[in-house]
Ligand SMILES: [Zn+2]
């Protein structure tokens with residue numbers, strides 16, 4: 001195994017190991033992850049090879065690895081490394097990851113967003129256990145109309161009450177798979193919380209600040225009196241976090257494009273052919289476009305995700321687009337370039353990555369033509 005492969009393996013094991021530790025920790029109980037230890041060992045053997053001068057044996061054990069590495073941005077893990085040309089670190093997705101975990105105090109940590117994003121978009125074999133998979137698997141077993149309606153419901157209603165749940169179940173009362181999807185999607189809200197004004201999920205008060213399904217919601221400044229509160233154990237339900245993060249949040253981008261087409265009287269369908277891609281658009285002259293909305297903040301992750309999936313899904317379309325939220329392209333001005341260079345190198349001439357604003361403009365202008 002070459003060193004880059006070793007390094008990628010180490011990072012994967014560390015990321016998955018940390019995730020596993022957080023998932024399985026119970027009240028004060030310590031969960032031992034073999035993957036995590038294995039990952040640390042591989043990483044430290046490379047650390048010793050590339051940075052023998054600064055190598056510190058005392059940083060090898062678990063807790064000190066968490067403090068000295070996992071709580072620091074990944075790019076800093078390589079401070080002092082020499083002769084790393086072959087590793088080509090700046091081209092690797094993991095290099096751009098922020099700290100993998102955050103400090104929750106009292107020697108405990110919580111896994112950060114990018115750690116989860118890495119598992120979702122870059123890794124391929126570990127997604128099975130994650131909450132949204134259970135929901136996806138059920139949705140996929142439905143027919144096209146049921147699929148679209150139920151998926152739309154999850155996107156539009158991250159929080160519901162018992163009456164709404166009852167009505168929803170009644171709609172699907174003869175459909176065991178749909179009922180199963182609903183069971184898998186929602187959970188009861190157990191603790192007092194607030195409705196997040198940014199994403200519509202739940203904000204919990206932490207020792208410092210607030211916590212939602214992703215870090216950017218928690219970073220906002222909120223005035224508590226202006227937030228809508230939900231008392232715990234009052235029968236309110238919310239989407240499970242994985243479902244919120246990987247179905248509902250990206251779904252908002254999908255629905256925004258879909259609704260925009262409707263508004264401009266351009267024919268469009270959501271998740272055609274059981275989610276082959278996100279939106280199919282047909283213009284008056286018969287031209288078809290395929291849209292894949294990607295709410296992935298880190299361009300290297302999207303790049304690796306595209307490679308993992310073997311490129312843009314096949315279909316009968318004239319052009320295909322990966323669409324990202326405007327703010328991601330504004331934050332990382334090289335975002336579109338990174339993806340478009342990758343698409344070009346895969347031989348695509350009719351597929352590109354575009355930000356939402358520019359896609360809307362194209363739809364608006366094309367939509368007027370006969
Ligand atoms: Zn939120």
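A short reminder: the numbers here are calculations on the coordinates, not readings from a lab. The structure displayed is predicted, hence computed values, not measured ones. When we count neighbours, we look across all protein chains shown, and the Cβ atoms used for this are built from the backbone with ideal geometry, even at glycine.
Observations on the structure shown:
- Over the chain: helical MRE at 222 nm, DSSP H runs n ≥ 4 each giving -39500 (n - 2.57), nearest 500: -12500 deg cm²/dmol
- For the chain, the square roots of the Cα gyration tensor eigenvalues, ordered a ≥ b ≥ c, give a/c of at least 1.5 with a/b no greater than b/c, which places it in the oblate category.
- Gyration tensor (alpha-carbon) shape descriptor, the stretch 216-278, a/c threshold 1.5: prolate
- In angstrom, the C-alpha Rg and Dmax of the stretch 253-370 are 13.6, 39.
- Full extension of the chain segment joining residue 140 with residue 53 gains 25.9 nm, where the gain is 0.36 nm per residue of separation less the Cα-Cα distance.
- Distance from the alpha carbon centroid of the stretch 289-368 to that of the stretch 7-23 works out to 29 angstrom.
- One Cα centroid belongs to the stretch 252-275, the other to the stretch 151-170; the line between them spans 21 Å.
- Antiparallel content of DSSP bridges confined to the chain, in %, to 5: 70 percent
- Multiplying the residue separation of residue 104 and residue 169 by 0.36 nm and subtracting their alpha-carbon distance yields 19.6 nm.
- Tensor-based shape of the stretch 132-273 (alpha-carbon gyration tensor, a/c under 1.5 rounded, otherwise prolate or oblate): oblate
- Length gained when the stretch residue 206-residue 284 is fully extended (0.36 nm per residue, less Cα-Cα span): 22.8 nm
- For the pair residue 333 and residue 229, label points projected 7 Å from Cα toward Cβ lie 4.6 nm apart.
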